[in-house]
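Working notes, structure below.
The values are calculated or read from the model by the stated rules, or taken from the named source; none is laboratory data. Worth saying up front: this structure is predicted, and the values here are computed from it rather than measured. Ideal geometry is used to build each Cβ from the backbone, glycine not excepted, and the neighbour counts take in all protein chains shown.
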Ligand code: SAM
C-alpha cells in the first residue's frame, strides 16, 4: 500500500501543470477578501531536494521543471510565470535544487486569514510533511489520515469558500472510485467548492470512466488535457495529465488558454512528426469549459475510447477478457 513515494515524480510534467493550476486557482480566489479554506487531500512530503537518496538517478524532474527552469526570467504566460517564480523562491538564483510540492506551495501562498489542511498517509512522508509545514503557523495543519474520508467532515467549510486539491497516486485501483465519490459528495455538501482533480493520462478504462462520471456531475468545470509524449507500444506509462477544475474561478480559462500552448511547446518530449509515425495518440493539449448541467446519460458499459481503439489496432497488447490492455500501470513506484 505504501509503495508510492512522490520524490521520484517530484517536478515532473504532471507536477508542473497541476501546481501551476492549483496556484492559479488560489490566486484568483484570493482576489476576493473572504477567507479561503485550502485542502490538500494527498499531500506528499511537501519539499524535495534534487540529489536526495530517493531521487538520485531516477527523479522525473527532467521531464518537467528542469525544462522550464532556463526560461525563468523570460517573458511567458502569467500562469507559468507565477509558478516558476514561486519555485525560484525556494532556490538560489543559479541552480535548481529544491522542488516544492503542493502543500508547501499552497502554505506559502496563504493570506493571514486563509487556512490549509494537508493529509498524508505514508509513515515516512507524513513526518517530513509535518516538518516542512512547521514554519507556517497555526493556520496550516497536517494530518496522518485518509484524505478521501477525512476531508468530508470539513464540508461545508466555515469560510464558505474552499479549494480542494485532489491528487491521489492511483496505484490502488480503488482510488478512481474514491476520487469520484469524494468530488460528488463534496459538491453535494458545498456546491461552490473549487475541486482541482488530477487524473493520470494513461491507456486505462478506469481513467475514461472517471472522466466521464466526473464530467456528468452538475456544476461548471474546466478540463485541461496535456499530453507530452505518445503512448508507448505496450500502452504502459504516463503520457500526460488530465486536470478537472470544478467551480473554476473567474479568469482561469483565459490563463489556461494563454499558458497551455507555451507549456506544451516546452514540455513535449517527441517531435510531432515523429510521434505521428510512431505513436497512436500524438502529443496534444486542450482546454475545455464543460457545461454546468448534468449530462443526461452516462454510459458505464465498457467501451474503448478512440485512443484505445487506435492503440489496440497498432499495438496488439496482452488483452484482458474485456478487450482492454491488462495490468496497466499508473505511476511507477519504488
Ligand atoms: N500532491 C502532492 C504534490 O503535488 O506535491 C503529491 C501527492 S502524491 C501524487 C500522492 C500522495 O498521497 C502520496 O504521498 C501517498 O503516500 C499519499 N496517499 C496515498 N493514499 C492516501 C490517502 N488515502 N490519504 C492521504 N494520502 C494518501
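Brief remarks follow.
- Against the test of being assigned to a strand (DSSP E or B) and over 29 Å from residue 74 (Cα atoms), the options 207, 245, 197 yield a single qualifying residue, 197.
- Residues in segment 206-221 that are touching a residue at least 60 places away in the same chain (Cβ under 8 Å), crowded, with 17+ Cβ neighbours inside 10 Å and over 15 Å from residue 288 (Cα atoms): 208, 209, 213, 217.
- One residue alone among 43, 20 is at pLDDT 95 or above, touching a helix residue (DSSP H, G or I) at 6+ places or on another chain (Cβ under 8 Å), assigned to a loop (DSSP other than H, G, I, E, B) and closer than 26 Å to residue 202 by Cβ, and that residue is 43.
- The lone criterion from (1) closer than 17 Å to residue 241 by Cα; (2) surrounded by fewer than 22 Cβ atoms within 10 Å (Cβ to Cβ); (3) within 16 Å of the ligand (Cβ to nearest atom) left unmet by residue 52 is number (1).
- Residue list for segment 138-162, restricted to those being assigned to a strand (DSSP E or B) and touching a helix residue (DSSP H, G or I) at 6+ places or on another chain (Cβ under 6 Å): 140, 142
- Test: residue in segment 3-16 that is at positive phi, buried (at least 18 other Cβ atoms within 10 Å of the Cβ), assigned to a loop (DSSP other than H, G, I, E, B) and within 14 Å of the ligand (Cβ to nearest atom): yes
- The set of residues from segment 17-31 being in contact with a strand residue (DSSP E or B) (Cβ under 8 Å, 6 or more places away or on another chain) and more than 10 Å from the ligand (Cβ to nearest atom) comprises 17, 21, 25, 26, 29.
- Residue 166 vs. criteria buried (at least 17 other Cβ atoms within 10 Å of the Cβ), within 17 Å of the chain's Cα centre (by Cα) and within 13 Å of the ligand (Cβ to nearest atom): yes
- Restricting attention to segment 38-49, the residues being surrounded by fewer than 22 Cβ atoms within 10 Å (Cβ to Cβ) and either near the ligand (Cβ under 9 Å from one of its atoms) or under 15 Å from residue 107 (Cβ atoms) (or both) number 1.
- Hits in segment 67-81 - residues which are within 21 Å of the chain's Cα centre (by Cα) and crowded, with 17+ Cβ neighbours inside 10 Å: 67, 68, 77, 79, 80, 81
- Test for residue 204: is it away from the ligand (no atom under 16 Å from the Cβ) and out of contact with any helix residue (DSSP H, G or I) (no Cβ under 6 Å at 6 or more places or on another chain): yes
- When the residues of segment 101-135 are filtered to those that are assigned to a strand (DSSP E or B) and either free of Cβ contacts under 8 Å to residues at least 24 places away in the same chain or within 9 Å of the ligand (Cβ to nearest atom) (or both), the one that is surrounded by the most Cβ atoms within 10 Å (Cβ to Cβ) is 118.
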